[in-house]
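**Student:** Would you mind keeping the following structure in view while I ask a few things?
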Amino acid sequence: MSEVREAITRAHHDEWARVVAALTRRFGDLGIAEDSAAEAFATAVERWPADGVPPNPGAWLTTTANHKAIDRIRRENKRDDKHKEARMVHDDDPPEPLGAIDDDRLRLIFTCCHPALAMETRAALTLRMVGGLTVPEIARAFLVTESAMGRRITRAKDKIKAARIPYRVPSADDLPARVSGVLAVLFLVFNEGYLATGPDTDPVRHDLTAEAIRLTRLIRALLPDDGEVTGLLALMLLTDARRNARVSAGGELVALDEQDRGSWDAALIAEGHRLVRARLAAAAAGIAPGRYQILAAINAVHTSARDMRDTDWSQILALYDQLVRIDPSPIIALNRAVAVAELDGPEVALATVDRLEPTLSGYHAYHATRADLLRRLGRSQQSRTAYDKAIDLAGNTAETAYLTRRRDQLR
Amino acid sequence: MQYLVSVIDDKSNPGSTDRQPDISAFNERLIADGYWVFAGGLADTTTATVIDNRGEQPVFSDGPFVESKEYLAGVWVWEAPDLDVALELATEASKICDRKIEVRPFQ
């Protein structure tokens, strides 16, 4: 019995996106695809315990979902309309000559991450259609009510249909720009999992980080030659590897310098390092790395050090310098200042950080960084004020606990 | 699939006024490529009249139905196979008109 349940869970994990994607391709309607896929899985839950797990669960689910979709269309007695719609949305062009990326699931991801949809909608729709998360699960992840999330997803599906957002992989010309949008969605999902923003949620939402990693692996399998996809996967793995060391038993965030490096996940780190090395080889061959690859390389340096004191800060600073050139955002400048503090001292770093005040004064990490630098300079009163601001702005419970302890340790 | 393509101007920060030759050339291309259905520039919003005949007698009022900083300056109707094609054209149109563009499908 539990074997069957396991098989259903595994099939949901492995086959959900494939079933939704195949049905979207056939019927040209995300709503029909989603509902029929859900019905097929419900039927599996009913039938597999009695009939046994079919030899090819994916094919069984796709066939069953296809029948459900046809029944549904007949029942709704709008067969002609639906078929007309299916033809309209269906991409009649011959597949782009892009080899492995001509895949239904990839079309589905690009449709869910279309730039005509709002960023948060793209993330929600991707988690539902590609990740197979339920609407209540997604609502919890983004801290909105189930009905609000249901409406958001329904609106997105309606827009895809009404505005005729095509179900296809973008052309080779548009691909790099569109992939970067997909990666931004996956990074958003990962970050929400890694530093959950709600006062009532767990500080780390492993379900979300795991889902982001799984979807990034899927993208990588479909687009193996895209350096940024590899970079983002490496970045996520090297970040997630530190998950167990990052929150104490008391629910407090543990800063990098206090983490028990022995509890980092060695397998994830090894895989992340392997991916970073592959990208370094590509960079050596003259392919300029993008921001995810550089961020991954920074994390590779951190995870190579047995101890905070062993960290190769000059290497990290060099990587930040490279990152600033392609992404001159104030947040990157703030993180770069942390490396500057290790190399040139907190005073030099503080001067850099203070210059970011106009753009970052509403960002908790800006105040937390300042507070730490002021603490190291012995300017306790100013440090306390900065911690207060950081605590006010931080949304993550573990982080708030950490900042509060740090503030209360000041004398 | 037909799309209504609206040209949006801004009263406090209007687009430049010398766009006509470029827009004409763009229209020629839209016609040649089979996207063009209809196009027209609109006179100033002050020339609008709103009629409300839902009550006992019609009421005419001077001016547009909504007072706002942004207003509709002109429209196209395009025939395009999907939103990606419409958005690509609209991206060009925004540059050519020096104004924001809204793309909205007909039902």
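**Student:** Within segment B:66-85, which residues are open to solvent by less than 50 Å² (accessible area, probe 1.4 Å) and within 14 Å of another protein chain (Cβ to nearest Cβ)?
**Tutor:** Answer for segment B:66-85, where residues must be open to solvent by less than 50 Å² (accessible area, probe 1.4 Å) and within 14 Å of another protein chain (Cβ to nearest Cβ): B:TRP78, B:ALA80, B:ASP82, B:LEU83, B:ASP84, B:VAL85.
**Student:** Could you say which residue among B:SER94, B:SER61 is at pLDDT 95 or above and either assigned to a strand (DSSP E or B) or away from every other protein chain (no Cβ under 14 Å) (or both)? Spell out how you get there, then give the answer.
**Tutor:** Numbers: B:SER61 fails: at pLDDT 95 or above.
Only one candidate qualifies: B:SER94.
**Student:** Check whether at least one residue in segment B:38-46 is in contact with a Pro (Cβ under 7 Å, 6 or more places away or on another chain), open to solvent by less than 50 Å² (accessible area, probe 1.4 Å) and of a type outside the set (Lys, Arg), and report yes or no. Outline the logic, then answer.
**Tutor:** Going residue by residue through segment B:38-46, those that are in contact with a Pro (Cβ under 7 Å, 6 or more places away or on another chain) are B:45.
Filter once more, so that each one left must be open to solvent by less than 50 Å² (accessible area, probe 1.4 Å): B:45.
Subset that is of a type outside the set (Lys, Arg): B:45.
Among the residues of segment B:38-46, at least one is in contact with a Pro (Cβ under 7 Å, 6 or more places away or on another chain), open to solvent by less than 50 Å² (accessible area, probe 1.4 Å) and of a type outside the set (Lys, Arg), which makes the answer yes.
**Student:** Please find, among A:ALA288, A:ALA333, the residue that is buried (at least 18 other Cβ atoms within 10 Å of the Cβ) and either among the hydrophobic types (A, V, I, L, M, F, W, C) or within 19 Å of A:LEU183 (Cβ to Cβ) (or both).
**Tutor:** Details: A:ALA288 fails: buried (at least 18 other Cβ atoms within 10 Å of the Cβ).
Checking each option against the conditions leaves just A:ALA333.
**Student:** Sticking with this one: Determine, yes or no, whether A:ARG140 is more than 14 Å from chain B (Cβ to nearest Cβ), charged (D, E, K, R) and either farther than 26 Å from B:LEU4 by Cα or not in a helix (DSSP H, G or I) (or both).
**Tutor:** Working: more than 14 Å from chain B (Cβ to nearest Cβ): yes; charged (D, E, K, R): yes; either farther than 26 Å from B:LEU4 by Cα or not in a helix (DSSP H, G or I) (or both): yes.
For A:ARG140, the condition - more than 14 Å from chain B (Cβ to nearest Cβ), charged (D, E, K, R) and either farther than 26 Å from B:LEU4 by Cα or not in a helix (DSSP H, G or I) (or both) - is met.
**Student:** Sticking with this one: Which residue, of A:ARG74, A:ARG10, A:ARG47, is closer than 22 Å to A:THR134 by Cα and over 33 Å from the mean Cα position of the chain (by Cα)? Outline the logic, then answer.
**Tutor:** Details: A:ARG74 fails: closer than 22 Å to A:THR134 by Cα; A:ARG10 fails: over 33 Å from the mean Cα position of the chain (by Cα).
Going through A:ARG74, A:ARG10, A:ARG47 in turn, just one is closer than 22 Å to A:THR134 by Cα and over 33 Å from the mean Cα position of the chain (by Cα): A:ARG47.
**Student:** Something else: Looking at segment B:96-104, can you tell me whether even one residue there is surrounded by 12 or more Cβ atoms within 10 Å (Cβ to Cβ) and out of contact with any strand residue (DSSP E or B) (no Cβ under 8 Å at 6 or more places or on another chain)?
**Tutor:** Yes - at least one qualifying residue is present in segment B:96-104.
**Student:** Using beta carbons and a limit of 6 Å, which pairs, at least six apart or on different chains, have the first residue in segment A:293-312 and loosely packed, with under 15 Cβ neighbours inside 10 Å and the second one of a type in the set (A, V, I, L, M, F, W, C)?
**Tutor:** From residues that are loosely packed, with under 15 Cβ neighbours inside 10 Å, the pairs are A:ASP312/A:VAL301.
**Student:** Still on this structure: How many residues does segment A:390-406 hold that are basic (Lys, Arg) and either open to solvent by less than 30 Å² (accessible area, probe 1.4 Å) or at pLDDT 95 or above (or both)? Give the derivation first.
**Tutor:** Within segment A:390-406, the subset basic (Lys, Arg) is A:405-406.
Retained after the next criterion (residues that are either open to solvent by less than 30 Å² (accessible area, probe 1.4 Å) or at pLDDT 95 or above (or both)): A:406.
Qualifying residue count for the region: 1.
**Student:** Name the one entry in B:GLN20, B:GLN107 that is within 14 Å of another protein chain (Cβ to nearest Cβ) and at negative phi. Step through it out loud before you land on a result.
**Tutor:** On the way: B:GLN20 fails: within 14 Å of another protein chain (Cβ to nearest Cβ).
That would be B:GLN107, the only listed residue that is within 14 Å of another protein chain (Cβ to nearest Cβ) and at negative phi.
**Student:** Looking at segment A:173-186, which of the residues that are open to solvent by 40 Å² or more (accessible area, probe 1.4 Å) and more than 14 Å from chain B (Cβ to nearest Cβ) is farthest from A:PRO115 (Cα to Cα)?
**Tutor:** At the first step, the residues of segment A:173-186 found to be open to solvent by 40 Å² or more (accessible area, probe 1.4 Å) are A:173-174, A:176-177, A:180.
Right, trim to more than 14 Å from chain B (Cβ to nearest Cβ) and you get A:176, A:180.
Numbers: A:PRO176: 13, A:SER180: 11 Å.
Across segment A:173-186, the extreme among qualifying residues is A:PRO176.
**Student:** Do we have B:GLU88 as outside any loop (DSSP other than H, G, I, E, B), within 14 Å of chain A (Cβ to nearest Cβ), open to solvent by 80 Å² or more (accessible area, probe 1.4 Å) and not polar (S, T, N, Q) here? Steps first, please.
**Tutor:** Numbers: outside any loop (DSSP other than H, G, I, E, B): yes; within 14 Å of chain A (Cβ to nearest Cβ): yes; open to solvent by 80 Å² or more (accessible area, probe 1.4 Å): yes; not polar (S, T, N, Q): yes.
It is true that B:GLU88 is outside any loop (DSSP other than H, G, I, E, B), within 14 Å of chain A (Cβ to nearest Cβ), open to solvent by 80 Å² or more (accessible area, probe 1.4 Å) and not polar (S, T, N, Q).
**Student:** Which condition number in (1) of a type in the set (Val, Ile, Thr); (2) in contact with a Ser or Thr (Cβ under 7 Å, 6 or more places away or on another chain); (3) away from every other protein chain (no Cβ under 14 Å) is the one that A:ILE165 fails?
**Tutor:** (3)
The values are calculated or read from the model by the stated rules, or taken from the named source; none is laboratory data. Bear in mind the structure is a predicted one, so any value in this text is a computation, not a measurement. Backbone-built Cβ (ideal geometry, glycine too); neighbour counts: all protein chains shown. Note: areas computed on protein heavy atoms with side chains; ligands, DNA, RNA excluded. Shrake-Rupley method; radii C 1.70, N 1.55, O 1.52, S 1.80 Å.
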